[in-house]
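None of the figures in this text is laboratory data; all of them are computed from the coordinates on show. A quick note: this is a predicted structure, and the numbers were derived from the prediction, not measured. Virtual Cβ from ideal backbone geometry, glycine too; neighbours counted across all protein chains shown.
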Amino acid sequence: MLTERQKLILGAIIYEYTQTAHAVGSKSLQEQLDIKVSSATIRNEMATLEAEALIKKLHTSAGRVPSRAGYRYYLDNLMNARSATQQDIALVMNSFHGNFHEIDDLLDESARTLSELTAATVLILKPKRLNITVSGFRLVPLENQQLIAVLVTNDGKVTSQTFKLPRELAESSLESMTNYINDQMTGRPVLEVLKMMQSDELPTQMSRVIQTPAAFLQLFGDVLARSIGDKVHIGGRLNVLDFGEDSLSTKEVKRLLEFLTSATDIRRVATTSQQRVTIKIAKEINEPLLKPFSLITRAFTVPNQGEGVIALLGPIRMTYARNVLLMDAFGEALSQKMIEYT
């Protein structure tokens with residue numbers, strides 16, 4: 001168990017190291033600590049902290065830097081991080097520029113803004129909804145045999161995709177196809193419609209009113225699948241390349257960037273607990289690719305849909321108290337902003 005003086009010294013080492021990225025020596029600590037002790041006394045206390053594996057010595061310097069265990073002790077016992085106030089939340093709300101017609105646009109802006117404030121990589125996920133239903137469908141012809149398929153779902157999301165009109169699909173059939181989808185599929189869950197397509201139920205039904213439904217079903221299936229696709233909203237994607245203590249190979253960079261775009265992988269590591277900020281360091285994240293980093297997560301509420309997730313990926317040497325406050329403020333702000341989309 002650490003003494004109060006040892007706690008003070010450990011906290012000071014972590015603070016100075018996060019600010020300067022330089023190993024911290026006893027003389028520097030003596031200057032910044034609000035206690036009257038000699039350099040020799042500080043060195044003795046640092047030796048104790050090193051024996052407890054809370055700090056470590058770098059080969060290139062006589063000073064000390066925090067260890068992973070030291071950061072964890074600091075986070076669990078020493079960090080003085082306050083919760084976001086209404087004023088903090090209001091400042092975040094005011095940082096959202098413009099009117100957002102879709103939730104996706106708001107989350108893209110939130111990820112970008114938070115990444116700029118923290119110089120970290122920010123990842124945001126909406127709640128994974130399974131009860132999304134079809135609200136409407138349109139096919140809009142363009143020039144050169146191109147068309148846009150537009151699908152609207154009951155969560156207000158508009159999914160569109162441009163296609164080349166298949167040769168076997170007559171342009172004159174587009175209206176009857178659109179009418180059929182709107183008459184028969186509106187109000188049905190997207191997952192149910194996809195299941196009908198896979199089981200040949202929908203192709204069989206459509207063949208009664210459309211002579212060549214196969215090409216259209218491919219088109220319709222693609223836009224349906226996209227409408228319920230799980231998406232990672234990323235801000236500061238390339239910031240992550242500056243965080244690691246060791247340089248990454250080209251192969252490792254590619255794997256890491258691919259990982260950050262995988263909603264399945266992000267959901268696996270970005271665990272949350274009752275809208276509280278959670279911090280994991282290095283091996284605690286339980287993902288080898290993220291071993292050089294820290295991961296801060298917080299949930300936000302989407303009314304009638306569940307909880308989304310904000311994840312901040314940054315260096316282990318970060319200003320935790322400030323980042324925790326920002327994460328808390330953004331989580332609360334998004335929860336309040338989401339009311340506008342219900």
Task: Rg(Cα)/(2.2 N^0.38 Å) for the chain, N = residue count - done: 1.31
Task: Charge sum, other residues only, whose C-beta stays under 13 Å from Thr18's C-beta, Lys/Arg counted +1 and Asp/Glu -1 - done: +1
TODO: Take each of the peptides 281-289, 62-70, average the number of other beta-carbon atoms within 10 Å over its residues, and list them starting from the highest.
DONE: 62-70, 281-289
Open item on the list: Under 8 Å for C-alpha pairs, at least 6 residues apart: give me the relative contact order for the chain, rounded to a whole percent.
Closed with: 19
Open item on the list: I'd like to know which of Tyr74, Ala53, Leu8 lies farthest towards the positive end of the charge dipole of the stretch 4-78, counting +1 on Cβ of Lys and Arg and -1 on Cβ of Asp and Glu.
Closed with: Ala53
Task: ³J(HN,Hα) computed for each position of the stretch 292-304 - Karplus, 6.51 cos²θ - 1.76 cosθ + 1.60, integer Hz, glycine/proline x - done: x, 10, 10, 10, 10, 10, 8, 8, 9, 9, 10, x, 6
Task: Full-extension gain in nm, Ala21 to Ala321, via 0.36 nm per residue minus C-alpha separation - done: 106.3 nm
TODO: Assuming 0.890 mPa s and 25 °C, estimate D for the stretch 4-78 with Stokes-Einstein, Rh taken as the Kirkwood radius over Cα pairs, in µm²/s.
DONE: 204
TODO: State the Cα centre-to-centre distance between the stretch 1-29 and the stretch 304-322 in whole Å.
DONE: 25
TODO: Let me know the charge dipole size of the stretch 4-78 about its Cα centre in debye, to the nearest 20, where only the beta-carbon of Lys, Arg (+1) and Asp, Glu (-1) is charged.
DONE: 180
Open item on the list: Can you find, among Gly63, Ala90, Asn286, the residue sitting farthest towards the positive end of the charge dipole of the chain, where Lys and Arg contribute +1 and Asp and Glu -1 at Cβ?
Closed with: Gly63
- [ ] Quote the charge dipole size of the chain about the Cα centre in Debye, to the nearest 20; the model charges only the Cβ of Lys and Arg (+1) and of Asp and Glu (-1).
- [x] 1060
Open item on the list: Taking the 0 to 90 degree range and rounding to the nearest ten, how far is the long axis of helix 4-20 tilted relative to the main principal axis of the chain, both from C-alpha atoms?
Closed with: 60
Open item on the list: Using each residue's phi in the stretch 147-163, evaluate 6.51 cos²θ - 1.76 cosθ + 1.60 at θ = phi - 60° and report the 3J(HN,Hα) Karplus result to the nearest Hz, with x for Gly and Pro.
Closed with: 8, 10, 9, 10, 10, 10, 10, 5, 8, x, 7, 10, 10, 10, 8, 8, 10
Open item on the list: Show me the trypsin sites (Lys or Arg not before Pro) within the stretch 1-57 that DSSP assigns to loop and that have at most 15 other Cβ atoms within 10 Å of their Cβ.
Closed with: Lys36
Open item on the list: Quick check: Cα centre of the stretch 275-294 to Cα centre of the stretch 104-154, how many Å?
Closed with: 28
TODO: Would you work out the charge dipole size for the stretch 1-131 about its Cα centre, treating the Cβ of every Lys and Arg as +1 and the Cβ of every Asp and Glu as -1, and quote it to the nearest 20 debye?
DONE: 600
Task: Debye intensity ratio in log₁₀ form over the Cα atoms of the stretch 10-150, taken at each q of 0.10, 0.17, 0.21 Å⁻¹ - done: -0.62, -1.05, -1.23
